[in-house]
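Input: a single structure, listed below in structure tokens.
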Amino acid sequence: MSLLLHADARTLHRRQSINSAIRNPKSTIIAIGISLSLQSPDPWPALDHASQIYQTITSLSADFVQVITNPMIGTPDTTHGRLYQMRPSRFAMRFTDPKGDRIVADGRFLWLYTPSTTPGQVIRSRIPEYGTTGPNLIGQFVEQPRERYTAHYVRADSLEHTSVDVIRLVPKGHDQPYSEAVIWVGREDGLVYRLDITEASGQERTVILRNLKVNRGVPGRELTFSPPAGVRVVDQ
């Protein structure tokens, strides 16, 4: 008998709920609207667009601002310059502040020349396939993203009058030098305008790109490096 009473009570509760919704449909619509608003937008249309656009880019250049925050130091290090990229494996950052510093991937080696902090030497290493200072600074996040990342839509935003989608990426593998990245993708053109990278060491790196020029070529001198006289080459 108790089971029947319990079933009758549940039936009565459902009828009361239905009657309440019929009597006050506005509250039901509001509840549905709130539920839908809590669902995050799908990040993949924006990422797929960025990936498709990246495949059409043979060369790219942009002014950059880079901010590096090391939790062990605390004070952010801000640098400026011009970035160049030519597919498949050439990349360069020529710094104007600090002036004279350069990062160059010439197709074979990655050269790190920073006389502002380590005068008299240049570090040379084989070009890594991926990495925050490698030749695929942008490509590492928009090439085959579905296979390589878990993606979360963060928000819609704007960056210097450009509407962007902000997307958080977490690598599926554990072999990357970063634990996550947040990229800012232009809604109209699919270009990446900002990257916020959390490196495995805990260091945070933000790169903001301005005055982007796509498929206009790159001066050859920007993608080659010859050690200045008296500079020691340190192979890594």
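The values are calculated or read from the model by the stated rules, or taken from the named source; none is laboratory data. Being a predicted model, the structure only gives us computed values, none of them experimental. Glycine gets a Cβ as well: all are built from the backbone with ideal geometry, and neighbour counts include every protein chain shown.
Apart from one condition, THR118 fits all of (1) β-branched (Val, Ile, Thr); (2) within 19 Å of ARG205 (Cα to Cα); (3) surrounded by fewer than 17 Cβ atoms within 10 Å (Cβ to Cβ); the exception is (2).
Restricting region 132-176 to residues that are closer than 14 Å to ASP196 by Cα and among the polar types (S, T, N, Q) leaves a set whose member that is farthest from the chain's Cα centre (by Cα) is THR133. Scanning region 63-75 for residues that are of a type in the set (Ser, Thr, Tyr), farther than 20 Å from TYR193 by Cα and surrounded by 15 or more Cβ atoms within 10 Å (Cβ to Cβ) yields a count of 0.
I'm checking my understanding of the structure. Among residues of region 204-236 that are polar (S, T, N, Q) and at pLDDT 95 or above, which one is farthest from SER125 (Cα to Cα)?
Here is the first cut: in region 204-236, the ones polar (S, T, N, Q) are 206, 211, 215, 224, 226, 236.
From the residues that got through so far, the ones that are at pLDDT 95 or above too are 206, 211, 215, 224, 226.
Numbers: THR206: 23, ASN211: 30, ASN215: 28, THR224: 14, SER226: 14 Å.
Selected residue: ASN211.
Considering region 29-140, the qualifying strands (runs of 3 or more DSSP E), each wholly inside and each with 2 or more residues that are at pLDDT 90 or above and out of contact with any Gly (no Cβ under 8 Å at 6 or more places or on another chain), run over 59-69, 77-86, 99-106, 109-113, 121-126.
Looking across region 76-107 at every residue that is over 19 Å from ILE57 (Cβ atoms) and among the small types (Gly, Ala, Ser), the one that is surrounded by the most Cβ atoms within 10 Å (Cβ to Cβ) is identified as GLY81.
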